[in-house]
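Shown next, in structure tokens, is the structure this report addresses.
The values are calculated or read from the model by the stated rules, or taken from the named source; none is laboratory data. Keep in mind the model is a prediction, meaning the values are calculated, not measured. With ideal geometry, Cβ positions are generated from the backbone for all residues, glycine too; neighbour counts draw on all protein chains shown.
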Amino acid sequence: MKILNAVGVFPLLLFVMPAALPVSTQQQPQEGVQQFAELGNFKLQNGSVISDFRVGYRSLGRLNADKSNAILWPTWLGGTSQDLLEFIGPGKVLDSSKYFVVLVDAIGDGVSTSPSNSKTQPLMKFPQFSIRDMVEAEYRVVTEVLHLSHLHAVMGISMGGMQTFCWVLTYPNFMDVAIPMFGSPQSTSFDKLLWTTEIDAIESDPAWNHGNPSKPLTRGIALAEQIDAMNLTSPAYRVAQTSAKAFDSFLSEIRRGAKADGGTASNQIRQRQAIISLDIPKELGMTLAQSAKSVHAKLLIIISPEDHMVNPTPAIEFAAAAGAPVISLNSSCGHRSLSCVSVGPTVALFLVDPSSVRTQTLQDLTNPPKS
């Protein structure tokens, strides 16, 4: 959906300085090329099974001699590992001349086994899965396919940030540092309302036909994208960037090309259902504070107080209980604030020296282009 395009522009400002980690001379095969891990029948938390399950991933950079420079980056809602490629390389978000970067396609993104590409469980016959199921699949790729017993870092944006929280709670000794950006360890009532409303919008399309669409969806997808547009930034941002006179043009742009086949719509629904069900502390039999205190990795939590898409309250409370620094982005760009505020130097420093990073507020000094 169009929100993903908006999220994807953030690296223009998120410049990460090179980190001083040793690198081996061994060349990794298939630099950045799409690869797949075949995991057979994959049992989910709810007892259902995804048959013929495979996980898409890409690796860039070189693993150093002691295997201490691996960083895992899972995808956001609807995003793919291909979308993340532009962020990796010397002078970019993660410098692949210093780090061994693994980009993983989350379940349901249309690359890993999903409602849109499953031959045996197509469309809504595909079982519901959770954020934790995504992490369990990623863990198997890291350990069984890449043969890594430890990661230097896990990081991600939005749904990738949710997976990052899940990683540090499910496998607390598996990474040195973790950087959830605009993610959450549990969905609030506001989050649930947002994603439920988007699912309702998709399913309201006349072509949906109770999960058996006979033609592409248009109206329902357009409504879901309008809801995205309402929540992607703050009201102040939208009012400043789009005049009342320009509204018709703005709305037409949202609706233009709003179309999805049954498989893509099913992917969107299943990934949203995973977010709606997110509550990692409860799954582990803990309160939010208790779960935060069980974390062993060094955490850097990045939030926006104006985030109307992933409510920052649980992340802020988690950080307080864990004693982790919070980078708050003071920007009306909301969930899109990584495109408006540069956090690169802070992220780069944290990857090398976590103890040197403190809680701080970063100001938006940009002038976002008007619609």
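Applying the selection to segment 319-333, what residues are assigned to a loop (DSSP other than H, G, I, E, B) and touching a residue at least 12 places away in the same chain (Cβ under 8 Å)?
Selection gives ALA324, PRO325, SER331, SER332, CYS333.
Please go through (1) polar (S, T, N, Q); (2) more than 21 Å from the chain's Cα centre (by Cα); (3) closer than 16 Å to MET134 by Cβ for THR75 and return the number of the only condition it doesn't satisfy.
It is condition (2) that THR75 fails.
One residue is enough: does segment 280-294 have a residue meeting the conditions within 30 Å of GLY211 (Cα to Cα), part of a helix (DSSP H, G or I) and not hydroxyl-bearing (Ser, Thr, Tyr)?
yes
Please go through segment 334-361 and pick out each residue that is crowded, with 19+ Cβ neighbours inside 10 Å, touching a strand residue (DSSP E or B) at 6+ places or on another chain (Cβ under 7 Å) and not in a helix (DSSP H, G or I).
If the condition is that a residue be crowded, with 19+ Cβ neighbours inside 10 Å, touching a strand residue (DSSP E or B) at 6+ places or on another chain (Cβ under 7 Å) and not in a helix (DSSP H, G or I), then VAL341, VAL343 are the ones that fit.
If MET309 satisfies all but one of (1) of a type in the set (A, V, I, L, M); (2) over 27 Å from HIS150 (Cβ atoms); (3) at pLDDT 95 or above; (4) outside any loop (DSSP other than H, G, I, E, B), what's the number of the condition it fails?
Condition (4) is where MET309 drops out.
Looking at SER304, SER294, SER243, SER234, can you tell me which residue is outside the structural domain of PRO354 (by TED's automatic domain parsing) and within 30 Å of GLY323 (Cβ to Cβ)?
Residue meeting the stated conditions: SER234.
Being outside the structural domain of SER214 (by TED's automatic domain parsing), part of a strand (DSSP E or B) and not aromatic (Phe, Trp, Tyr) narrows it down to one of VAL102, VAL33, VAL111, so name that one.
Result of the check over VAL102, VAL33, VAL111: VAL102.
Just give me the residues in segment 306-318 being charged (D, E, K, R) and free of Cβ contacts under 8 Å to residues at least 40 places away in the same chain, in sequence order.
Result: GLU317, single match.
Identify all residues within segment 134-160 that are among the acidic types (Asp, Glu), under 30 Å from LEU338 (Cα atoms) and over 14 Å from the mean Cα position of the chain (by Cα); write none if there are none.
GLU136
Does at least one position in segment 73-82 carry a residue that is within 23 Å of GLU136 (Cα to Cα) and assigned to a helix (DSSP H, G or I)?
The answer is yes; a qualifying residue exists.
Got at least one residue in segment 176-188 being part of a loop (DSSP other than H, G, I, E, B), of a type in the set (Phe, Trp, Tyr) and assigned by TED's automatic domain parsing to the domain that holds GLY257?
no
Could you tell me whether segment 313-331 includes any residue that is among the charged types (D, E, K, R) and crowded, with 20+ Cβ neighbours inside 10 Å?
Within segment 313-331, none of the residues are among the charged types (D, E, K, R) and crowded, with 20+ Cβ neighbours inside 10 Å.
Inspect all residues belonging to segment 195-202 and state whether any of them is outside any loop (DSSP other than H, G, I, E, B), more than 18 Å from the chain's Cα centre (by Cα) and not β-branched (Val, Ile, Thr).
Within segment 195-202, one or more residues are outside any loop (DSSP other than H, G, I, E, B), more than 18 Å from the chain's Cα centre (by Cα) and not β-branched (Val, Ile, Thr).
Search segment 35-89 for residues being aromatic (Phe, Trp, Tyr) and within 17 Å of VAL154 (Cα to Cα), and hand back the single one that is surrounded by the most Cβ atoms within 10 Å (Cβ to Cβ).
The selected residue is TRP76.
Go through segment 238-257 and report how many residues are part of a loop (DSSP other than H, G, I, E, B), small (Gly, Ala, Ser) and either crowded, with 16+ Cβ neighbours inside 10 Å or over 27 Å from the mean Cα position of the chain (by Cα) (or both).
So the answer is 1.
Which numbered condition trips up THR143, out of (1) touching a Ser or Thr at 6+ places or on another chain (Cβ under 8 Å); (2) closer than 22 Å to PRO172 by Cβ; (3) touching a residue at least 24 places away in the same chain (Cβ under 8 Å)?
So THR143 meets the others, but not (3).
Inspect segment 137-150 for any residue being farther than 28 Å from PRO314 by Cα and among the basic types (Lys, Arg) and give the result as yes or no.
No, because not a single residue in segment 137-150 is farther than 28 Å from PRO314 by Cα and among the basic types (Lys, Arg).
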